[in-house]
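Read-outs: derived from the displayed coordinates by stated rules, not from any lab. Every value quoted in this text rests on a predicted model; they were computed, and no experiment measured them. As a convention, Cβ positions derive from the backbone with ideal geometry for all residues, glycine included, and neighbour counts pool all protein chains shown.
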Amino acid sequence: MQIFINGKLKQLDGENMTISALVLTLNLTGKRLAVEKNGEIVPRSLFLETKLRDGDKLEIIGAVGGG
Amino acid sequence: MNEHLIIAGKAYHSRLLVGTGKYKDFTETRAAIDASGAQIVTVAIRRVNIGQTAGEPSLLEYLPPEEFTYLPNTAGCYSADDAVRTLRLARELLDGHKLVKLEVLGDPKTLYPNVIETIAAAKVLVKDGFDVMVYTSDDPIIAKQLEEIGCCAVMPLASLIGSGMGILNPWNLQIIIENAKIPVLVDAGVGCAGDAAIAMELGCDGVLMNTAIAAARDPIMMAGAMKKAIEAGRESFLAGRMPKKLYSASPSSPTSGMIG
């Protein structure tokens, strides 16, 4: 399936991947991050059970240096 | 001196708030923040780097949340909607953290704030339960309106973000301070320790800065200078300055007992 992550189209193997599995795939495990799916925030507690669908738009954000 | 800056019900002994951008690396960031004595540090909210290698260091590892109060900002947002969206994500990122810095910009060239969008965003965020420290222009009417909306601190600019031009309109800041019942912090434009001291002498409750420290030749030494300037300026304000006179017929040394 294809989803958009941070504005970029990404091809993922298999259907029904969860956000947890995606985080692992992206080497982001253990990082403090927040996820928005199709404009709605997905609480971290729901990463394990939230499945992705073809065409989903994800924003994955973190904290960086800024003033 | 045993007096604290109170923001949203929490007491801070440091009146210097610092940004975490523009440093050479995270080690320098941490060393400068330690030298500044700041307890509140701003962070920006951005898309994570997809395709990073596992174990890449992150800012938050260098500034643990147990040691610092984070102030997630909306830097780079040009609309109320973008700012609100960013801070809701920040709240999720930081486990329900409510204290935020709202800034909505109006122009990419000058980074001048758009106060109309700022007011719109402030209304939504306050209603949504955020403690909003709000960056704004030095317009006293807008500052008062932001207070009335329910912001927990108002943060007028001294001059434009990253300009280092210092305090361009001390008179407006003075009016804002006189009218405010919430903390007033100068945010943006401070260039050197003298500027920070002047802001505090005007009666500001604190100063937020980033570039003045990060872009100094020696950021760590400048961070220490800023800490002292904030403390000196605060004490100078509390002590109450002598009145200004064009000249004085009252010399500091006795006029009697002269030799000869």
Test for B:ILE50: is it within 11 Å of another protein chain (Cβ to nearest Cβ) and not in a loop (DSSP other than H, G, I, E, B): no
In the range B:85-97, which residues are touching a helix residue (DSSP H, G or I) at 6+ places or on another chain (Cβ under 7 Å) and assigned to a loop (DSSP other than H, G, I, E, B)? B:HIS97
Go through the range A:1-45 and count every residue that is part of a loop (DSSP other than H, G, I, E, B), within 12 Å of chain B (Cβ to nearest Cβ) and buried (at least 17 other Cβ atoms within 10 Å of the Cβ). 5
For residues that are outside any strand (DSSP E or B) and facing another protein chain (nearest Cβ under 8 Å), scanning just the range B:57-84, find the one that is surrounded by the most Cβ atoms within 10 Å (Cβ to Cβ). B:ALA75
Looking at the range B:232-248, I want the residues that are closer than 15 Å to B:LEU16 by Cβ and have a partner that is surrounded by fewer than 10 Cβ atoms within 10 Å (Cβ to Cβ) with Cβ atoms under 7 Å, at least 6 apart or on another chain. Which pairs are those? B:GLU235/B:MET1
Identify, by number, the condition in (1) in a loop (DSSP other than H, G, I, E, B); (2) in contact (Cβ under 8 Å) with a residue 12 or more places away in the chain; (3) closer than 30 Å to B:LEU160 by Cβ that A:GLY67 doesn't meet. (2)
Exactly one condition in (1) without any contact (Cβ under 8 Å) to a residue 40 or more places away in the chain; (2) assigned to a loop (DSSP other than H, G, I, E, B) is false for A:GLY55; which is it? (1)
Looking at the range B:171-192, which of its residues are small (Gly, Ala, Ser), under 14 Å from the mean Cα position of the chain (by Cα) and at negative phi? B:GLY191
